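Take a look at the structure below.
The values are calculated or read from the model by the stated rules, or taken from the named source; none is laboratory data. Everything numeric here is computed off the predicted structure, so don't read it as measured data. Note that each Cβ is placed from the backbone with ideal geometry, even for glycine, and that neighbours are counted across all protein chains shown. Quick note on the areas: whole protein, heavy atoms, side chains included, nothing else; ligands and nucleic acids left out. Shrake-Rupley method; radii C 1.70, N 1.55, O 1.52, S 1.80 Å.
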Amino acid sequence: MYRFRSGAAALALAVATLGAAGCSSTFEATTLDATTGRFPISQVLPPEAIKVDEAFPVNDNRRLLLVRTNLGTLTQYEEYFEESMENIGFFQQVVRPDEFERMLVQAGKADGVSGTTGFAGLAQASRAWGPFLVADFNLTAGAGYQVDMVMTVYDPSTARELYKIDHGVTNWAGLDGVLFEPSFNAFIEWLERNSPTYPEDRAVPAASDDDED
């Protein structure tokens, strides 16, 4: 279930501490390596971290991915997960809950949708919008620099868990290459196993102005 946890405050403090220590790479989205089609990583996700791995016709739901986190108003970090999912190049749109709810209103499809925080509201949104997927990122920080992440991918029309990762690391030099990107790469592999067309039809994100400087 998507919910905020008290660990979000501790996680924010841990991230701030890392930033002060000079570990500025944490929560900086990167693009896929053109040769491997994967995010660059320093560690590989252990197989036992994958808790759910269901077959699913993902192409039917690639129109939109709703990304949710338990980080509250920490927009910078929410955007990291949103942009990373965009960089995978599978989904036509990747949005956060506030963006998706605005889209429903603007498209005249919000009537009867109670929200995007619970399974009932997600099922209503799926009927109104059409098929999509949900990816929840729930992070908690423990003693020292221990950070745990649960990534759960749902079919909102049925509340069925399709893919789930539960993994933690002791974070001394940023989370990207040891926790986040290994999990993203495992998710890419799940998409490849379940799509008849991906990665051949992978979308390449447009270069930003900063990339062109």
Residue check, residue 82 against (1) without any contact (Cβ under 8 Å) to a residue 60 or more places away in the chain; (2) under 22 Å from residue 177 (Cβ atoms); (3) assigned to a helix (DSSP H, G or I); (4) open to solvent by 30 Å² or more (accessible area, probe 1.4 Å), all met but one. Which one?
(4)
Do any strands (runs of 3 or more DSSP E) lying entirely in the stretch 115-205 carry at least 2 residues that are at pLDDT 95 or above and basic (Lys, Arg), and which ones are they?
160-170
For the stretch 85-112, name all the residues that are β-branched (Val, Ile, Thr), under 19 Å from residue 61 (Cα atoms) and either over 23 Å from the mean Cα position of the chain (by Cα) or assigned to a loop (DSSP other than H, G, I, E, B) (or both).
88
Can you say whether residue 26 is more than 18 Å from the chain's Cα centre (by Cα) and modelled with pLDDT of 65 or more, as far as the supplied structure shows?
no
Any residue in the stretch 83-95 that is closer than 12 Å to residue 66 by Cβ and not aliphatic (A, V, I, L, M)?
yes
Hits in the stretch 85-119 (condition: touching a helix residue (DSSP H, G or I) at 6+ places or on another chain (Cβ under 9 Å), open to solvent by 20 Å² or more (accessible area, probe 1.4 Å) and of a type in the set (Gly, Ala, Ser))
107, 110, 112, 114
Restricting to the stretch 150-179, what's the tally of residues that are among the polar types (S, T, N, Q) and under 30 Å from residue 113 (Cβ atoms)?
3
Report yes if some residue within the stretch 123-137 is more than 19 Å from the chain's Cα centre (by Cα) and in contact (Cβ under 8 Å) with a residue 60 or more places away in the chain; otherwise report no.
yes
In the stretch 32-75, how many are touching a Leu at 6+ places or on another chain (Cβ under 8 Å), part of a strand (DSSP E or B) and surrounded by fewer than 19 Cβ atoms within 10 Å (Cβ to Cβ)?
1
